[in-house]
Amino acid sequence: MDAPAPSSQTSNKRKRETANQQENNSQEKQRDGKAFQFHITGVPMRDKVRTLFYQVLTTEDRKQERQIPTHVTVEEIEEQLFVQCDKETSKEYQERFRSLYRNLKDTKNASLREAVLSRTILPKDFVVMTPHELANPELKKEREQLRKESIRESKKSVDTQTFSEEFQCRKCGLRKCSFFQMQTRSADEPMTTFVTCHHCGNRWKQ
């Protein structure tokens, strides 16, 4: 006697199971009409990070063919990030991702996106970049100007000090001190003297 033919319900169930298994291994997406395989890790947090990285890196890369496809670069970035965080989707992993993603998404940071896509910056180097290195060119310039101004102000402060043996350090007892005066109270009261010992670094005012 012939075995009964499988019911349509059983057949559909098998098809769904096969489809789910394939989705666990890879996810087919479309880019410029071409299908490619986007590797899925099976860890929801990691897969979400990969998807977000891919979305932000393809905003300006729709029509350009890369020697190394964008989805491969994205997979390597996330993998390196995962390794840097001891292979855990920890708080450190999430915070580091947010920092990288925020700077990639910055509309003024096209140069960073291009450097990542062209592999001028490799994935292993990208995931350990400092906030200063990740910042857009305009912000870097502003920060550099502030740094230079801070150095100038610091130098100016030293230049206005007068070196004198008049003051004896209360800490080390030496007379290798400099001082400057500033009006900190009302105009009819004497100025405050700020003294610095250049031997031990002790500071005081009188």
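The values are calculated or read from the model by the stated rules, or taken from the named source; none is laboratory data. These numbers were taken from a predicted model, which means no experiment stands behind them. Heads up, the Cβs are rebuilt from the backbone with ideal geometry, glycines too, and the neighbour counts pull from every protein chain shown.
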Those residues of region 88-97 which are assigned to a helix (DSSP H, G or I) and either hydrophobic (A, V, I, L, M, F, W, C) or more than 8 Å from the chain's Cα centre (by Cα) (or both), in sequence order: K91, E92, Y93, Q94, E95, F97
Sole residue being loosely packed, with under 13 Cβ neighbours inside 10 Å, at pLDDT below 95 and more than 30 Å from F194 (Cβ to Cβ), chosen from E88, E95, E65, E153: E65
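Here's the yes/no breakdown for (1) surrounded by 10 or more Cβ atoms within 10 Å (Cβ to Cβ); (2) at pLDDT below 85; (3) more than 29 Å from the chain's Cα centre (by Cα):
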residue: K140; (1), (2), (3): yes, no, no
residue: F163; (1), (2), (3): yes, yes, yes
residue: L174; (1), (2), (3): yes, no, yes
residue: T192; (1), (2), (3): yes, yes, yes
residue: H198; (1), (2), (3): yes, no, yes
